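Written below as structure tokens is the structure these notes are about.
The values are calculated or read from the model by the stated rules, or taken from the named source; none is laboratory data. These numbers come from a predicted model, not from an experiment. Here Cβ is always computed from backbone atoms with ideal geometry, including for glycine, and neighbour counts include all displayed protein chains.
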Amino acid sequence: MEPSAQLDFNLRPLLEQLDQDELSKFKSLLRTLSPQDGLQHIPQTEVDEADGKCLAEILTTRCPLSWVETMTIQVFDKMNRTDLSKKAKDELRERQKQEKMLL
């Protein structure tokens with residue numbers, strides 16, 4: 001897997017908005033929803049013990065960008081955190097607009 005050099009939405013502040021219970025739910029859903037190879041290369045204890053800041057770093061440095069974007073939005077949707085899902089989607093849309101303007 002190719003690590004993501006830069007995330008198109010800032011994952012760390014999004015994860016830091018979750019309380020401890022929500023962060024635990026995020027981690028659980030991430031494992032449940034991800035394809036089999038999604039997080040297999042990262043020890044479960046490392047993910048389980050990470051706070052929001054550390055989890056963002058783990059995901060953005062060790063997983064492909066498109067996977068992180070997709071899974072984050074899916075997990076936020078499953079958690080009914082549409083506010084965070086919308087923020088992530090809005091930032092991705094903004095990046096796509098900027099890329100089109102550069103072409």
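Structure notes:
- Only residues that are touching a Pro at 6+ places or on another chain (Cβ under 9 Å), under 17 Å from Leu84 (Cα atoms) and of a type in the set (A, V, I, L, M) were counted in the range 20-67, giving 1.
- Applying the condition of being closer than 15 Å to Phe76 by Cβ and among the aliphatic types (A, V, I, L, M) to the range 9-43 and asking which residue is modelled with the lowest pLDDT yields Leu33.
- Qualifying residue in the range 71-81 (condition: more than 22 Å from Asp21 (Cα to Cα) and polar (S, T, N, Q)): no
- Single residue of Glu69, Glu46 found to be modelled with pLDDT of 90 or more, in contact with a helix residue (DSSP H, G or I) (Cβ under 9 Å, 6 or more places away or on another chain) and not aromatic (Phe, Trp, Tyr): Glu46
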